[in-house]
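Input: a single structure, listed below in structure tokens.
Throughout, read-outs are computed from the coordinates displayed, never taken from laboratory work. Keep in mind that what you see is a predicted model, and the values were worked out from it rather than measured. In this analysis, Cβ positions are derived from the backbone assuming ideal geometry, glycine residues included, and neighbour counts consider all displayed protein chains.
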Amino acid sequence: MSKRVGIIGAAVTPFKGRWQEKTYYELAQWATREACKDAQVSIHDVESAFYGIYNDIFERTCIPEHAIHGLLGMQNKFGTRISTGGATGAYTMSAAHAYLAAGRFKTALVLGVEKATDCFDFASMSATPEVIKTIGWSGDSFFEQPIGWTASDSYAEVVLAYMDEHPGDLKPETTAEISAQLSRQVRTNPYAQRQFDQVTREEVMNSRLVVYPFRELEICVYSEGAAALILAEEETALAISRNTGKPVVWITGLGEANEHSFVGKNHKIMSRIMSDYYASRRAYEMAGIKDPTQSIQIVELHDAFVHQLEISMAEFGLVPPGRADALIDEGLMTPGGKYLVNPCGGLIYCGHAVGASNVMSAWSARNELLARGLHTALVHGTGSTIAQYTACLILEC
Amino acid sequence: MKTGTGKVIPYEYIPDEGSEIETVDGRQYLIANDAMYTFFKRTKGELSPFFLALRDEKRLLGCKCVECGLVRVPPFLTHCPDCNFASTKLLEVEQVGILNSTAPITYFATSLFQHMAPYGRGRVIFRGADTALSVNLYTTTGILVPGILNKGTEVKLIFRTNRIGEMTDVFCVPTSELSRDQVEKRGLEESEIDWESPVEPNVLDASAEDTSVYREALKEIKSIVEEMNRNDRARKDIAGWRRDIAVKARGGQFALIIDERGIRIEEKELSAPDFIMVSQDLRVLLDGLAYRGAITDSVINKRLWISKNPEFTTIFKLDRMARSVARSKKD
């Protein structure tokens, strides 16, 4: 029988557009130090390390985790790295959970870190075109990289296909309002890249088109930063909890799914994010959740794009497909509404330090569960071309 | 060896060796110019027939499962996983198809594709195929804007004249922009299509009122530009950038200069500008600079004309400066 696994410590570094002052070595150690402090454990008590680092080129080295293993004090212990695009952090938590649940280790460090904006385009004298080029190396190298594949245009394909099927949904006013709301929520997150960048719906609607149909203020921002969790199996977690006085936040459900990367009959259904659908249903089943609309209170959702946030909420079964605008129109995610969605500001306002992002989301969900006395949260990661990969976690307190 | 027209890494992308210091909170940090690069002699293996057919025969190939009959284009596998890995056979499909879904349009491209923007990339189900091929999509009628490439739009495969066995050898345009003969021809090349060339719009004669509107707008633009120069965040948006832009509108013209001194207005005619902006109403540019609507969108909506599409890069910087000034006011 598998063991229960819980979160007993968590920390993030500030997410910033650029950390001239820190390498990824220091960012990784910083988050780890703080997570150990939060759990009131020594790094010597942590038996295994799971690294979520998305892109070798961002760190400018292959197997980038090799250099941080020792400087975290994890030498001579188990260490492995997960890289699954945008879903890297969520998949890393999933992997750590599996090892602890199986009894291989009592404790684990989950560390997500990314240093993206050292990439620089000397032709336009700006970072962003080179950052998105670097992500562009993640596309299919035979058929899509050569013709300008990007993360944005591949997610836009899914969003536009959804809008083909549901022409009345994802109204510009609604996507803009969601972005504006996230910008208000981020104000209480001191670690966020855009803590004080509050925008109005009109500003979002007036921001420039980047990739049709996405506007600048509807897209996540690339960040540098790290996030860490200390996980433990049940007996150890409860002992540490007695020591810290902080309740254990249990990981009660996990689900993952990766779709086909080619499109058409018997392949990817472009108007759906089936990876979100399958992963969430598998997580609900594991957690014993029959009706997510009655159980889920907090959603820390990987909002690469506002439109995708809406579709993902529909795929999770939290709002009807084709009526995702009910999130705003019917107040489902407005303040005081049924769901607390991305209280940290999400990746659009807190920032997207890719390998660290979903770990940051789990950090935020844990904080909210503990601070608000709530019971159940859904944490989500999406990634790869056309929203191909998803991993979901259910956290309960 | 079949060669393309340029280098694998264009020279303009390659920085000089060197390093610099950035100061944060009074402390100095070292920043070095650097690169990761790896060259390949890339094998195309089982995909070779597909790319050779594009390159040498101007044919489009797919593969058909001998069990289920599903036709996959491109032929990205040799055995069908849906049929316990039954074998597939190559076959040719037609060069006309429909868009599987509405295609995105990239205005802000990666550093590798800025010269190509704006461009569409979408999935086409060609006649005879069950799966979609990812291709570049263009219009022959100017800047690509939403509404041209919708779900179900019929498109035609077009071949580049100089082909090297890559997906860049082909692209698609709507069949509605071609003659019947062009649509029916197999192996239609780009040189056989009529492309609309960019023509600088005529600025209409200005009435006294128009001139007054122009002078008032220019006065406001000067004020905004001065504010941008005083704003550190906005200055960063154009760090290292140089452009001489001729701005023409009903009522007059001026030069918008971006260089190491910042951004400024000079009321003169440029003899050799990097590019030209034209709008009948200077308030269109004013609104963008004042953060009352993106300049990018004014270009897309054809309220503002630019002479070179790659200068979207400069337009983005101007939009960015407007937002930077607005953000600073909130801090």
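Descriptive notes on the structure:
- Scanning chain A for GluC sites (Glu not before Pro) lying in DSSP loops with no more than 13 further Cβ atoms inside 10 Å, the longest uninterrupted stretch between such sites is A:22-329.
- GluC sites (Glu not before Pro) within the stretch B:87-163, DSSP loop, no more than 16 other Cβ atoms inside 10 Å: B:E94
- Radius 12 Å from Cβ of B:G97, net charge of other residues (Lys, Arg +1; Asp, Glu -1): 0
- Using the Cβ of A:E259 as centre and a radius below 12 Å, the other residues enclosed give a net charge of -1, where K and R count +1 and D and E count -1.
- Taken about its Cα centre, the protein assembly as shown carries a charge dipole of about 960 debye when Lys and Arg each add +1 at the Cβ and Asp and Glu each add -1 at the Cβ.
- Cα shape, the stretch B:208-330, gyration tensor, a/c 1.5 rule: rounded
- Close amide-amide hydrogen proximity is noted between B:L70 and B:C65, each under 5 Å apart and 5 or more residues distant or on a separate chain (H modeled in the peptide plane; Pro and chain starts excluded).
- The stretch A:330-393-the stretch B:85-118 distance, computed between alpha-carbon centres (Å): 33
- Phi angles of the stretch A:363-374 translate, via the Karplus equation with coefficients 6.51, -1.76, 1.60 and θ = phi - 60°, into HN-Hα couplings of 4, 5, 4, 4, 4, 5, 4, 6, 6, 9, x, 8 Hz per residue; Gly and Pro are given as x.
- Taking chain B and dividing mean pair separation by its residue count, relative contact order in percent (alpha carbons under 8 Å, at least six apart): 12
- Summarising the amide proton neighbourhood of A:V249: residues at separation of 5 or more, or on other chains, whose placed amide H is nearer than 5 Å comprise A:I7.
- Largest GNM mean-square fluctuation across A:A371, A:A226, A:A96, computed for chain A with C-alpha springs under 10 Å, falls on A:A371.
- For the stretch A:11-46 and the stretch A:246-316, distance of Cα centres in Å: 28
- A:S138, B:S197 arranged by Cβ crowding within 10 Å, fewest neighbours leading: B:S197, A:S138
- Taking a straight line from the alpha carbon of B:K89, these lysines sit under 17 Å away, with near neighbours fewer than eight places off in the same chain left out: B:K64.
- Residues whose amide H lies under 5 Å from that of A:D121, counting only those 5 or more places away or on a different chain, are A:S126, A:A127, A:E130; hydrogens are built 1.01 Å from N in the peptide plane.
- Phi-based couplings in Hz for the stretch B:154-163 (Karplus 6.51, -1.76, 1.60; Gly and Pro marked x): 7, 10, 10, 6, 10, 9, 5, 6, 9, 10
- The orientation-averaged projection of the convex hull spanning the C-alpha atoms of the stretch A:1-113 amounts to 7.1 square nanometres.
- Gyration tensor verdict on the stretch B:100-146 (Cα atoms; rounded if a/c is under 1.5, prolate if a/b is larger than b/c, oblate otherwise): prolate
- Electrostatic tally near A:C392: other residues with Cβ closer than 12 Å to its Cβ, Lys and Arg +1, Asp and Glu -1, net -3.
- Among B:L188, B:L30, the order by Cβ neighbours within 10 angstrom, fewest to most, reads B:L30, B:L188.
- Qualifying GluC sites (Glu not before Pro) in the stretch B:1-87, where qualification requires a DSSP coil assignment and no more than 10 other C-beta atoms within 10 Å, comprise B:E17.
- Qualifying chymotrypsin sites (Phe, Trp or Tyr not before Pro) for the stretch A:153-260 [loop in DSSP, other Cβ within 10 Å: at most 14]: A:F196
- Per-residue [θ]222 nm for chain B (sum of -39500 (n - 2.57) over DSSP H runs n ≥ 4, rounded to 500): -6500 deg cm²/dmol
- Between 0 and 90°, nearest 10: helix B:312-330 axis offset from chain B longest Cα axis: 50
- Dipole magnitude of the stretch B:208-330, debye to nearest 20 (Cβ charges: Lys/Arg +1, Asp/Glu -1, about Cα centre): 500
- Beyond 21 Å in Cα-Cα separation lie the following of the pairs B:K185/B:K308; A:K16/B:K330; B:K151/B:K185; A:K22/B:K329; A:K115/B:K44: B:K185/B:K308; B:K151/B:K185; A:K22/B:K329; A:K115/B:K44.
- Once the convex hull of all Cα atoms in chain B is built, its volume per residue stands at 204 Å³.
- Zero-based 10 Å bins, Cα pair distances in the stretch B:260-316, whole percents: 20, 55, 24, 0
- Shape class for the protein assembly as shown, computed from the alpha carbon gyration tensor (a ≥ b ≥ c): oblate, with a/c not under 1.5 and a/b at or below b/c.
- When only Cα pairs below 8 angstrom with a gap of at least 6 residues are kept, chain A shows a relative contact order of 26 percent.
- Computed over the alpha carbons of chain A, Rg followed by Dmax gives 19.5, 57 Å.
- Applied to the stretch B:254-259, the Karplus parametrisation 6.51 cos²θ - 1.76 cosθ + 1.60 on θ = phi - 60° returns per-residue 3J(HN,Hα) values of 8, 10, 10, 10, 10, 7 Hz, with x for Gly and Pro.
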